[in-house]
1. If the chain between I318 and R434 were fully stretched, how many nm would it gain, using 0.36 nm times the residue separation less the Cα-Cα distance?
2. Quickly rank 436-445, 392-401 as a protection proxy: mean count of other C-beta atoms within 10 Å, highest first.
3. Which of the peptides 177-186, 378-387 is most tightly packed, and how do the rest follow, going by the mean number of other Cβ atoms within 10 Å of each residue?
4. Sort 157-163, 170-176 by the packing proxy (mean of other Cβ within 10 Å over each peptide's residues), most packed first.
5. To make sure I understand the rule: partners must be lysines, Cα under 23 Å from the Cα of K255, and not fewer than 8 residues away in the same chain. Which ones qualify?
6. Can you compute the modelled spin-label distance between S302 and N241, with each label point 7 Å from Cα toward Cβ, in nm?
7. Once phi is turned into ³J(HN,Hα) by the Karplus curve 6.51 cos²θ - 1.76 cosθ + 1.60 with θ = phi - 60°, what whole-Hz value does each residue of region 530-547 show in order, with x for glycine and proline?
8. Quick one: which residues, 5 or more positions from G516 or on another chain, have an amide H under 5 Å from its amide H? H modelled 1.01 Å from N in the peptide plane, none for Pro or chain starts.
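Derivation of every value follows stated rules applied to the coordinates shown; laboratory data play no part. Predicted model only: the values in this text are computed from it and were never measured. Here Cβ is always computed from backbone atoms with ideal geometry, including for glycine, and neighbour counts include all displayed protein chains.
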Amino acid sequence: MAAAAASRCLACFMDPEAAKCSITISSRQTINFSHHHRSHLCSLSMNGCQGDPHLPLGTIETRSFPAVPSPSLALDRLNSAISELKANPPSSTSGIIRLQVPIQQQIEAIDWLYAQHQFLPRCYFSSRGQTGNSSDLSIDCTNGNDQIQLKHNLVSVAGVGSAVFFQDLHPFSYRHWKSLKRFLSTQCPLIRTYGAIRFDARANISSEWEAFGYFYFMVPQVEFDELEEGSMLAATVAWDNALSWNLGCAIDALKATLNQISSVVLKQRRQVPWTPMLSNNHIPSKTYWNLAVNRALQKIRSNSALIKVVLARSSTVITATDIDPIAWLACLQVEGENAYQFCLQPPNAPAFIGNTPEQLFHRKWLGITSEALAGTRARGESMPEDLQIELELLSSPKDHLEFTIVRESIRRKLENVCNSVLVEPKKAIRKLPRVQHLYAKLAGRLRSEEDEFDILSSLHPSPAVCGFPTEEARVLIAETEVFDRGMYAGPVGWFGGGESEFAVGIRSALVEKGLGAMIFAGTGVVEGSNASLEWDELELKISQFTKLLKLEVPLEIKS
């Protein structure tokens, strides 16, 4: 069995001994992300994209059990439930079953994920708190006899291993969406696929993003749900005999993962010591950035249709000590008011983490909301100064133009699939710990749930991360930027039965423990933009990451 499992692991994923990817940070300098040094458990599963998207699963089920006092008891209960499932399996040849045990103590999902440091793949997604949709993410905890005991709001989710994953050699399409939806049901709202999609499917995939492909989604094999007044540990098995992955294989793989799960969860420090930084390399450099912005302004001022383009920068930092992506993500939570936090790490890949304020869309049944976010200013050091900066942002013609382009583009796209669209507020300020933005909320009602794919494909990329018109801006970005955005500025989130939510993957970084990080930021260029000021905006946007770094200055020039 062990030999067969090892063989299947090699077939599903590349050999970690041989797997290497490199990040080119200039024509002369390369960082190699070598994975042979990393000891992680290879989680076996199946690729749901290889199944027939039109053939329903035979079984989709959630089994809930009585609440227990601790994670260790929840783990014991799950192991017993899996043994019961193996002894009395359903007769269907395909299916997905979630087993969930409520825990009578509140534990943060990110602390649980940190304790499972040896596992890949892994994922994490946190709602936005005050302005998020946590009130919409309610779940029922039952006693196994379908009698409701408790009702809690889901705050954040952490997962390791994949019961089923979704990836293909082609860009995300309607067929792929149907493949995902095949494993989801309105009767099992917490069976969800978490993942991300590339910013530009037409751009070549560079080596550092290779393991992510055009898109990567996963239903976690083992999942920890942080609730407002408690927690939940869950395990999921998925199988499809047509894909040579039967229930027995799925159960054995899940048991192997559960045997390695740590039930000891310690509260992380939310402020880690500074990580010494040996070098920081920007692509483009400030000189080339100025040239790129001025070239974009020339195109905007010419007779072309281009009104706005969003140019981005990749900053590669080399550190003297390890960067743990989950520890960094925990620190970002301190900055996380009014923002989503996320982590996605496929097998043999760096971790894509972020702290983004921007919602792409949230759908529950036929109701859908989206947001326009544009224009950036720093927060003031005092309340009067902060208010003055807010007033300057509200009255700035340049920022009003950039914001209006974003808001009206989203409104038109929603109107294509919604009976009506409400914009309220039409223009306001969203304040984050380090920055503040112009903001509007849009809401509509879909004509059909099948329109979800159309919403995703039409809203992305928005003018906030690409420009306007979209195609003209995308072409200029492809001609100008010499690094691969990958999942940066792409959709990051989850699909569920009857509900889905996606953020825009900005304020993000690609992190490889022990090898440094690539930090991404972008800024909109419109008539009135200034290259130097836009560079300063990039620095402001990445400051939540750079605050964790300290430049090691050579001794001979210290003074």
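1. Difference between extended and current length: 39.3 nm.
2. Order by mean packing, descending: 436-445, 392-401.
3. Details: 177-186: 20.2, 378-387: 11.8.
Going from most to least packed, we get 177-186, 378-387.
4. With the highest mean Cβ count within 10 Å placed first, the list reads 157-163, 170-176.
5. By straight Cα distance, K255 reaches K86.
6. Between S302 and N241, the simple spin-label model gives 6.3 nm.
7. Residue by residue, region 530-547 yields 10, 4, 5, 5, 5, 4, 4, 5, 4, 4, 5, 5, 8, 5, 5, 8, 5, 5 Hz.
8. Counting only residues 5 or more places away or on other chains, the set is T319, I323.
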